[in-house]
Amino acid sequence: MSVLVYTESEKGKFKKNAFEAASYASAVAKMMDTTVTAIAFNSTDNESLGEYGVSKVMNVADDSLTTFNAGAYAASIAEAVKSTDAKVVILSSSTDTKYLAPLLSAKLSAGYAPNVVQAPDSTSPFTVKRTAFSNKGFAHTQIDTDIKIVGVSNNAFGAHENKVDVSVEDISGTADSATNDTKSVEIDKVVGKATIADADIVVSAGRGMKGPENWGMIEELADVLGAATACSKPVSDLGWRPHGEHVGQTGKPVASNLYIAIGISGAIQHLAGVSASKTKVVINNDPEAPFFKAADYGIVGDAFEVVPQLIEKLKDFKAQNG
Ligand SMILES: Cc1cc2nc3c(=O)[nH]c(=O)nc-3n(C[C@H](O)[C@H](O)[C@H](O)COP(=O)(O)OP(=O)(O)OC[C@H]3O[C@@H](n4cnc5c(N)ncnc54)[C@H](O)[C@@H]3O)c2cc1C
């Protein structure tokens, strides 16, 4: 018996959430007195998982699976669960795992708890703490099925080094005709920028920016900080910014270490997507803007005056501190 973790990669390299999921799997394995096996797809840096407590990597080396395919990935992971007799399967929180988790749950007759934020309260019964009500509360959820699937929130448990010896085995993918009805035919991806899901810092702006022509300073601030850019829903609805940047209840969740909100009012639907971020800085010219109630730091001021000054100060700071 082992704990199995699905480690996501892109172009052969593991994503940050893969190391977080591996660390979580390692914590669960410790509680259950067992080891961690990872399943990866066409990954080239498998040994790196040993740094996070993974003792065996099953790498699906299959040219037909270089891009995510929910049905085929679920089939291969289910096969790995059976061959390793895993009782707990760990996933990260991503768009891909949103497709993957229900398929896997159905295939394995396994209960699935998403949005988990800390190591299990107990493994017998198996109980985990997860966010609920759009991050407004927590639920302690007990999974009673023989096999349990846990989805770990990004940036919640963290990646923890815990070096062990690791072996890597290349395996073939498992064909799955039943669930192959949907597949990605084209992926239109922003290149060369930090993504909202992986970024440590997110600079986000709203309708207070008045128009798309004013996003230069938002992008400049993001560049100085090495941050991803994001926006409120109306901004993407108006076509000022791409839909992929829209955060909130109906957009992407953000769990960054720093979230800077500029000209965003802080409507409940927006806050629902950013409440998992650790430090929130709000810049708004209305001292009554609701976002200030959720902020750790607030600047009451005109974004068109505050942001350029912030950029200048950050550039000076970087020049002086290398
Ligand atoms: C079912 C449903 C789901 C929704 N889902 C989402 C969602 O996922 N994400 C989301 O964001 N919204 C969502 N919304 C919309 C949400 O209710 C708000 O309407 C939206 O978040 C407001 O966007 P905003 O803050 O950019 O714009 P506004 O509400 O127009 O606020 C603009 C802010 O900018 C400030 N401002 C103006 N000028 C300046 C200046 N010069 N300098 C500094 N500040 C300035 C203003 O004081 C104001 O606070 C949803 C709504 C519904 C009904």
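FYI, it's all coordinate maths here, none of it is from the lab. All values reported here derive from a predicted model rather than from experimental measurement. Every residue, glycine as well, gets a Cβ built from its backbone with ideal geometry; the counts of neighbours run over all protein chains shown.
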Q: May I ask which residue of A21, A255, L225 lies farthest towards the positive end of the charge dipole of the chain, with charges of +1 (Lys, Arg) and -1 (Asp, Glu) on Cβ and the Cα centre as origin?
A: A255
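Note down the magnitude of the dipole of segment 3-181 about its Cα centre, charges +1 on Lys and Arg C-beta and -1 on Asp and Glu C-beta and zero elsewhere, to the nearest 20 debye.
Values: 15 positive and 21 negative charges, 142 e Å.
Dipole about the Cα centre, nearest 20: 680 debye.
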(Q) If you only keep lysine pairs separated by 8 or more in sequence, or across chains, how many in segment 134-276 come under 20 Å at the Cα atoms? (A) 7
Q) With the contact rule set at Cα under 8 Å and sequence spacing of 6 or more, what percent relative contact order holds for segment 231-287? A) 33 percent
Q: Just report the Cα centroid separation between segment 250-292 and segment 89-110, whole Å.
A: 29 Å
Q. GluC sites (Glu not before Pro), restricted to segment 219-322: which are DSSP loop and have at most 16 other Cβ atoms within 10 Å?
A. E288
Q | FRET efficiency for T66 and T195, using Cβ-Cβ distance with R0 set to 25 Å, rounded to 0.05 | A | 0.85
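Order these peptides, 12-25, 289-302, by their mean beta-carbon neighbour count within 10 angstrom, highest first. Present the calculation step by step, with values, prior to reporting the outcome.
Working: 12-25: 23.1, 289-302: 16.4.
Highest-to-lowest ranking by the protection proxy: 12-25, 289-302.
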Q: Give me the percent of DSSP beta bridges within the chain that run antiparallel, rounded to the nearest 5.
A: 20 percent
Q) Among all the aspartates and glutamates, which ones have a C-alpha under 20 Å from K318's C-alpha, if same-chain residues fewer than 8 places away are not counted? A) D200, E219, E220, D223
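Tell me, what is the percent relative contact order of the chain, built from C-alpha pairs under 8 Å that lie six or more residues apart? Provide the component values of the computation, followed by the final result.
On the way: 711 pairs, mean separation 47.6, N = 322.
About 15 percent, as a whole number.
Net charge near F126: determine it from the other residues with C-beta under 13 Å of the C-beta of F126, scoring Lys and Arg +1 and Asp and Glu -1.
+1
Can you list, largest first and rounded to whole Å, the semi-axes you get for segment 201-321 by taking the square root of 5 times each eigenvalue of its Cα gyration tensor?
Working: eigenvalues 84, 48, 43 Å².
Whole-Å semi-axes of the equivalent ellipsoid: 20, 16, 15.
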Q: Please state the charge dipole magnitude for the chain, taken about the Cα centre, from unit charges on C-beta atoms (+1 on K and R, -1 on D and E), reported in debye and rounded to the nearest 20.
A: 720 debye
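Once R0 is set to 41 Å, what does the formula 1/(1 + (r/R0)^6) return for the Cβ-Cβ distance between K30 and A267, expressed as a FRET efficiency to the nearest 0.05?
Numbers: r = 42 Å, r/R0 = 1.02.
Efficiency for this residue pair is about 0.45.
For the peptides 221-232, 265-276, what is the packing order when you average, over each peptide's residues, the other Cβ atoms within 10 Å and list the highest mean first?
Descending packing order for the listed peptides: 221-232, 265-276.
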(Q) Pairs of alpha-carbon atoms within less than 8 angstrom and 6+ residues apart define the contacts here; what relative contact order does segment 3-181 have, in percent? (A) 30 percent
